[in-house]
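Right, one structure below, let's go through it.
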Amino acid sequence: DTEVTQTPKHLVMGMTNKKSLKCEQHMGHRAMYWYKQKAKKPPELMFVYSYEKLSINESVPSRFSPECPNSSLLNLHLHALQPEDSALYLCASSDAGTGVGSNQPQHFGDGTRLSIL
Amino acid sequence: GNSVTQMEGPVTLSEEAFLTINCTYTATGYPSLFWYVQYPGEGLQLLLKATKADDKGSNKGFEATYRKETTSFHLEKGSVQVSDSAVYFCALRGSSGGYQKVTFGIGTKLQVIP
């Protein structure tokens, strides 16, 4: 069983919809991450939060809006997505260490499989 | 910048065969090295890690040794099972100050047949 829980597991939405992906961890980790993974590819980093503050935005389009309400929760708000945004969205967490968990392994959830119609 | 090179596969083996998945890396300083496994329909699971030269990570019968002289971190298992069928990602993370992005290899798909 994964220690990082993501909901929903599957999401189908139209290009005009607004939806949110949710991620929760109770490992006491203070760094949390959103990744996007296309089929047969490795994960691509989108955002990094450290101590509930946005530390890294990898030039992600504004139709993706992250939020970290507290140290255990991470949301990804979606609006006006495009068909090419269809992918598996993975949340991960790690000890923050020094420099946003500089050499700490990341623990991943099972992801939300998103399909844009 | 940092990079990780691994075979794309698929690698197809019979049950109980010996497994090697090669991984080499390019990085400055002394990165930490990881192997992640992704089963169909799931996220990535940390399989093993090594944080300094000559460290050996091991878990569930899998092993990998951090070889700084050859910049390698090859994954091995003595006897694979059908349940080991998955995609395996080699990854590294730098240890310098400040944020260090995780660099993943392209992933190697392993198929184990009975």
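The values are calculated or read from the model by the stated rules, or taken from the named source; none is laboratory data. Fair warning: this is a prediction, and the values are worked out from it, not measured in the lab. Here the Cβ is made from the backbone with ideal geometry for all residues, glycine too, and neighbour counts use every protein chain on show. In case anyone asks, the SASA skips ligands and DNA or RNA and just uses the protein heavy atoms, side chains included. Shrake-Rupley method; radii C 1.70, N 1.55, O 1.52, S 1.80 Å.
Within the protein assembly as shown, A:C68 have no other Cys Cβ under 4.7 Å of their Cβ and so lack a disulfide-compatible partner by this rule.
Give, in nm to one decimal, the length gained when the segment between A:L54 and A:A39 is fully stretched (0.36 nm per residue of separation minus the Cα-Cα distance). Walk me through the numbers on the way to the answer.
Working: separation 15, 0.36 × 15 = 5.40 nm, distance 2.71 nm.
Going from the current span to full extension adds 2.7 nm.
Taking a straight line from the alpha carbon of A:K41, these aspartates and glutamates sit under 13 Å away, with near neighbours fewer than eight places off in the same chain left out: B:E8.
For peptide B:25-33, the mean count of partner chain Cβ atoms within 10 Å of a residue's Cβ comes to 1. Averaging the sequence gap over all C-alpha pairs within less than 8 Å and six or more residues apart, then dividing by the number of residues, gives segment B:1-75 a relative contact order of 27 percent.
Relative contact order for segment A:24-117 using alpha-carbon pairs under 8 Å, separation at least 6, rounded to a whole percent?
Working: 189 pairs, mean separation 28.0, N = 94.
This gives 30 percent for segment A:24-117.
The mean number of partner chain beta-carbon atoms within 10 angstrom of a residue's beta-carbon across peptide B:100-106 is 5. Charging the Cβ of each Asp and Glu at -1 and of each Lys and Arg at +1, and nothing else, the dipole of the protein assembly as shown about its Cα centre rounds to 500 debye. Near B:G61: Cβ cut-off under 11 Å, other residues only, Lys/Arg at +1 and Asp/Glu at -1. The net charge is -1.
3J(HN,Hα) along segment B:7-22, derived from phi through the Karplus expression 6.51 cos²θ - 1.76 cosθ + 1.60 where θ = phi - 60°, amounts to 5, 7, x, x, 9, 10, 10, 7, 3, 6, 6, 8, 10, 9, 10, 7 Hz, with x in place of Gly and Pro. Applying a threshold of 32 Å to the alpha-carbon distances of A:K19/B:K56; A:K18/A:K38; A:K40/B:K68; A:K38/B:K49 flags A:K19/B:K56 as lying beyond it.
How many square angstrom of accessible surface are buried between A and B, both sides summed, with a 1.4 Å probe and rounding to 100?
Working: alone 6450 and 6160 Å², together 10860 Å².
Chain pair A/B: roughly 1700 Å² of buried accessible area.
Other residues with beta-carbon under 11 Å from the beta-carbon of A:F108 carry, at +1 per Lys or Arg and -1 per Asp or Glu, a net charge of -3. Peptide A:33-40 has a mean of 2 when you count, residue by residue, the C-beta atoms of other protein chains within 10 Å of its C-beta.
Charge tally for B:V11 (other residues, Cβ to Cβ under 14 Å; Lys, Arg +1; Asp, Glu -1): -2. Gyration tensor analysis over the Cα atoms of chain A returns equivalent ellipsoid semi-axes of 23, 14, 13 Å (largest first, whole Å).
With Cα atoms as the point set, chain B shows a radius of gyration and Dmax of 13.8, 47 Å.
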